[in-house]
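The block underneath contains the structure these notes are about, expressed in structure tokens.
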Amino acid sequence: MRDQLRPVGTRRYTIDRVEGAAGDTDVPPPERPRVLLLIKGLGLGGAERLLVGLAANRDRLRFDYEVAYVLADQDALVPAMADTGVVVHCLGARATADLRWLPRLRRLMAERRFDLVHSHLPYTASMARLVARTMTPARRPLLVYTEHSLWNRAAVLTRVLNRATVHMDAALFVVSPAARRALPHSLQGDARVIVHGVDVAATTALLEQQAEIRTSVRHELGVADDELLVLNVANLRAEKGLDVLVEAARQLAAVGTGVRFVSVGTGPLEASVRGAIDGAGLHRHFTLLGRRRDTLRLMTGADLFVLPSRQEGMPVALLEAMSVGLPVVATAVGGVPDVVVDGREGLLVDVDAPSALASAVMKLAGDAELRARLGAGARARAQVFDIASAAGSVEACYGELLQDRDRRQ
């Protein structure tokens with residue numbers, strides 16, 4: 001069964017049981033430590049997909065996991081999370097400024113008696129700390145936080161609140177060395193770097209069917225056999241650099257290169273990006289697919305992955321693409337250079353440089369041997385970042401923290 005918080009009247013909330021979710025028989029006994037994973041939404045973003053991966057690879061005999069998400073409309077990954085057998089709670093906020101989710105979180109924490117709350121993303125982490133502070137010490141869970149992006153790139157108010165409350169956490173994780181370097185200096189020494197990675201077993205299974213998947217994907221997208229299929233997976237936000245990608249596509253189309261660009265994702269700039277594609281006359285060369293749940297399948301059928309971001313912590317889509325052997329063209333920002341060496345797993349270019357991006361894509365389009373070599377390097381490199389290993393590292397920390405708490409008590 002899966003729990004959801006449902007409103008009763010305007011102020012009081014209750015928990016309704018929802019039949020049919022997977023994993024009823026997998027719920028561990030109540031004496032196991034109870035862990036709540038808290039995140040702003042369960043949309044199709046990188047941090048959200050990582051959370052599903054961590055839940056799927058959890059130690060079901062050691063911990064009892066549940067998940068709560070804040071924004072009710074960010075629910076694309078709720079079915080995937082429920083399929084892992086984890087109880088999912090929606091806190092029902094309609095927007096970031098809708099703070100009615102805070103008392104709902106407090107009630108959830110009090111009723112479910114969690115031993116540890118692990119927050120992802122700074123907004124939820126900051127607010128969860130304030131909620132926990134309202135509880136008596138005997139009922140207050142241990143707090144853990146994962147920084148998925150670059151601390152100094154968050155909105156000013158969020159960054160200030162995060163800095164003012166982060167001392168309440170018992171542990172701090174970051175997803176890349178670059179994310180640790182972006183922390184305030186006083187926090188860097190205690191931060192643990194865990195590159196969360198991808199489900200290597202799942203990507204291996206896809207690669208066993210790569211020929212069939214490639215044919216299916218190209219047929220679906222109308223890509224000819226002699227065209228290069230270049231894939232981008234990113235939220236349509238300014239920091240992802242889709243405007244740069246569109247301009248690079250325009251330059252390649254102008255010289256007649258047989259390259260097809262496909263981008264997966266949604267976001268506030270969708271109308272702007274579509275307008276840029278239309279204005280450049282790229283209807284035949286650039287397709288926005290919107291929200292998709294089969295990004296790994298699309299990657300398995302593509303020839304090249306491109307990521308023109310202006311900032312990144314550790315891009316999950318990049319690791320996923322590498323795990324299925326896609327060569328990469330990406331900007332050398334954030335955690336990207338920590339996993340991609342220029343000329344070994346892909347080609348790195350400068351930020352906001354559409355001509356350099358176009359040149360790198362053109363270089364790979366004309367050199368199948370180079371694509372194969374970089375793709376093999378990407379596949380090998382991705383094996384290091386198996387999410388099962390990351391889940392084990394996180395849970396080892398949970399165990400240490402809970403043992404310390406028990407000794408103090």
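Coordinate-derived values only; no laboratory data. Just so we're clear, the structure is a prediction, and the values are computed from it rather than from any experiment. When we count neighbours, we look across all protein chains shown, and the Cβ atoms used for this are built from the backbone with ideal geometry, even at glycine.
Show me the ranking of peptides 308-314, 148-154 by mean Cβ neighbours inside 10 Å, starting with the highest.
Values: 308-314: 23.7, 148-154: 19.9.
Output ranking for 308-314, 148-154: 308-314, 148-154.
Peptide packing: for 323-329, 400-406, 54-60, the average count of neighbouring Cβ atoms within 10 Å per residue gives the ranking 323-329, 54-60, 400-406, highest mean first.
Just checking my list [x] 53; [y] 35; [z] 39 against percent of Cα pairs over 31 Å apart computed from this structure; which label fits? The calculated read-out lines up with [z]. Cut-off 10 angstrom, C-alpha nodes, Gaussian network model of the chain. Which of Val156, Val198, Val340 fluctuates the most? Between Val156, Val198, Val340, it is Val156 that shows the largest mean-square fluctuation. Think of each Lys and Arg Cβ as +1 and each Asp and Glu Cβ as -1; about the Cα centre, that makes the dipole of the range 200-385 roughly 240 debye.
Note on the chain: GNM, Cα springs under 10 Å; of Gly375, Gly281, Gly256, the largest mean-square fluctuation is that of Gly256. With neighbours defined as other Cβ atoms within 10 Å of a residue's Cβ, the residues His196, His89, His283 order from fewest to most as His283, His89, His196. Placing unit charges on the Cβ atoms of the charged side chains and taking the dipole of the chain about its Cα centre, the candidate lying farthest along the positive direction among Ala390, Pro177, Ala155 is Ala155.
For the pair the range 342-409 and the range 212-275, the centres of their Cα atoms are 21 angstrom apart. Rounded to the nearest 20, the size of the Cβ-charge dipole of the chain about its Cα centre is 1640 debye, with Lys and Arg at +1 and Asp and Glu at -1. Stretching the chain fully between Arg106 and Asp338 yields a gain of 79.7 nm (0.36 nm per residue, less the alpha carbon separation).
Multiplying the residue separation of Asn152 and Val193 by 0.36 nm and subtracting their alpha-carbon distance yields 13.1 nm.
Each of Gln209 and Ala368 was given a label point 7 Å from its Cα along the Cα-to-Cβ line. The distance between the two points is 2.5 nm. Model label sites at Ser272 and Arg405, defined 7 Å from Cα along the beta-carbon direction, differ in position by 4.2 nm.
Taking other Cβ within 10 Å of each residue's Cβ, how do Asp75, Asp226, Asp350, Asp199 sort, fewest first?
On the way: Asp75 15, Asp226 6, Asp350 11, Asp199 19.
Ascending number of Cβ neighbours within 10 Å: Asp226, Asp350, Asp75, Asp199.
In plain terms, the residue of Thr215, Thr257 with the fewest other Cβ atoms within 10 Å comes first and the most crowded comes last, giving Thr215, Thr257.
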